[in-house]
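Chemist: I am attaching a structure below and will ask some questions about it afterwards.
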Amino acid sequence: MEALLKDKISTLFNINKIQIFNNNPFEVKEMRENAFKDFMKLDFPSEKTEAWKNTDLKKVLDRDYSFYFEPTEKNVDIEKVFQCEVPDFDTHIISLYNGWYVSRDKPLVKLPNGTIVGSFAKAMETYPELVLKHFNKYAKDNINGFNALNTACAQDGVFIYVPDGVETYKTIQMVKVLNKEDNLFVQNRNLVIVGKNSKLTLVHCEDSHNHKSSFNNTVTEVFLDEVAQLDQ
């Protein structure tokens, strides 16, 4: 079944490149192509892989997963789906629903202090130079099959940029919700950039409503400039 999953991923990747690469700069498309070649060589980690020698992935890799290359739900009100039960916990919530960024306002918001938060896919389209400066610089594709698969296939995720000399006015809460009657194949890419002498407080929450199996492979790259601080 592991080989069958790999073959299915390979077929779907090659058939759906246009959607996967949608609005990506040329450099990113090239990175994705190379990352997929790395994944095909590296394959999934096994018990023979040093870092995974005590982890049996067979049950995960032997399941059949559903692949979606665009959001399947529109106008999701995340507050009706996810409720934070921590009393007096005031945060700026940014949310992913079944692998896609959702918001009541815009997919990407620039706050008054210059902080940018929102969809990774939209950030790649709107701020390509900023994203390219950091994307795929810290998660190495050629030594980890999961990283390579994520770089090749991820279509959305969370983007946070805090400019130099800024302390975010409130905690940013990343909420990831899975809520579908399918075994989802989800590849999210998060990129967090904190400028010089800046501070960000970040909380990450995950929630599954139907408790279905999922292939949930998330890669988060974080860049901290000089004297930058990230509290989690």
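Chemist: When the residues of the range 1-48 are narrowed to those that are under 19 Å from the mean Cα position of the chain (by Cα), polar (S, T, N, Q) and not in a helix (DSSP H, G or I), which ends up surrounded by the most Cβ atoms within 10 Å (Cβ to Cβ)?
Modeler: Restricting to residues being under 19 Å from the mean Cα position of the chain (by Cα), polar (S, T, N, Q) and not in a helix (DSSP H, G or I), the top hit is 24.
Chemist: Further, regarding this structure: If the requirement is being among the acidic types (Asp, Glu), modelled with pLDDT of 80 or more and farther than 25 Å from residue 212 by Cα, which of these qualifies: 56, 38?
Modeler: Numbers: 56 fails: farther than 25 Å from residue 212 by Cα.
Just a single option satisfies the conditions, and that option is 38.
Chemist: Now, a different point. Does the range 126-142 hold any residues that are touching a residue at least 60 places away in the same chain (Cβ under 8 Å) and either touching a helix residue (DSSP H, G or I) at 6+ places or on another chain (Cβ under 9 Å) or of a type in the set (Gly, Ala, Ser) (or both), and which are they?
Modeler: Scanning the range 126-142 gives 128, 130, 131, 132, 135, 136, 139, 141, 142.
Chemist: Here are some residues: 203, 227, 194. Which one is among the aliphatic types (A, V, I, L, M) and at positive phi? I'd like the intermediate steps shown before the answer.
Modeler: On the way: 203 fails: at positive phi; 194 fails: at positive phi.
Sole residue among the options that is among the aliphatic types (A, V, I, L, M) and at positive phi: 227.
Chemist: For the subset of the range 191-217 comprising residues that are at pLDDT 90 or above and open to solvent by 50 Å² or more (accessible area, probe 1.4 Å), which member is nearest to the chain's Cα centre (by Cα)?
Modeler: 216
Chemist: Starting from the range 59-76, keep only residues that are surrounded by 12 or more Cβ atoms within 10 Å (Cβ to Cβ), then list their pairs with residues that are of a type in the set (Ser, Thr, Tyr) and part of a loop (DSSP other than H, G, I, E, B) whose Cβ atoms are within a distance under 9 Å, requiring at least 6 positions of separation or different chains.
Modeler: Pairs that qualify, where the first residue is surrounded by 12 or more Cβ atoms within 10 Å (Cβ to Cβ) and the partner is of a type in the set (Ser, Thr, Tyr) and part of a loop (DSSP other than H, G, I, E, B), are 60/213; 63/213; 65/213.
Chemist: Return the total of residues in the range 204-220 being more than 25 Å from residue 90 (Cα to Cα) and part of a strand (DSSP E or B). Don't jump to the end; show me each part of the working.
Modeler: Step one: of the range 204-220, the residues more than 25 Å from residue 90 (Cα to Cα) are 210-219.
Those left that are additionally part of a strand (DSSP E or B): 214-219.
Selection size over the range 204-220: 6.
Chemist: Another question about this same structure. Which pairs turn up if I take residues in the range 7-25 that are farther than 18 Å from residue 148 by Cα and look for partners that are small (Gly, Ala, Ser) and at pLDDT 90 or above with beta carbon separation below 9 Å, at least 6 apart in sequence or on another chain?
Modeler: Going by the 9 Å Cβ cut-off, the qualifying pairs are 22/121; 23/121.
Chemist: Please go through the range 96-110 and pick out each residue that is open to solvent by less than 50 Å² (accessible area, probe 1.4 Å) and out of contact with any Phe, Trp or Tyr (no Cβ under 8 Å at 6 or more places or on another chain). If you could, list the steps in order and put the result at the bottom.
Modeler: As a first pass, look at the range 96-110 and keep what is open to solvent by less than 50 Å² (accessible area, probe 1.4 Å): 96-102, 108-109.
Those that are open to solvent by less than 50 Å² (accessible area, probe 1.4 Å) and out of contact with any Phe, Trp or Tyr (no Cβ under 8 Å at 6 or more places or on another chain): 96, 97, 100, 102, 109.
To keep it simple, each residue is scored yes or no on (1) assigned to a loop (DSSP other than H, G, I, E, B); (2) small (Gly, Ala, Ser); (3) in contact (Cβ under 8 Å) with a residue 40 or more places away in the chain; (4) touching a helix residue (DSSP H, G or I) at 6+ places or on another chain (Cβ under 8 Å).
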{"residue": "172", "(1), (2), (3), (4)": "no, no, yes, no"}
{"residue": "175", "(1), (2), (3), (4)": "no, no, yes, yes"}
{"residue": "181", "(1), (2), (3), (4)": "yes, no, no, no"}
{"residue": "192", "(1), (2), (3), (4)": "no, no, no, no"}
{"residue": "202", "(1), (2), (3), (4)": "no, no, yes, no"}
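The values are calculated or read from the model by the stated rules, or taken from the named source; none is laboratory data. Predicted, not measured: the structure shown is a model, and the values here were computed from it. Glycine also receives a Cβ, built like all others from the backbone with ideal geometry; neighbour counts cover every protein chain displayed. Just so you know, the surface numbers come from the protein's heavy atoms only, side chains and all, with ligands and any DNA or RNA stripped out. Shrake-Rupley method; radii C 1.70, N 1.55, O 1.52, S 1.80 Å.
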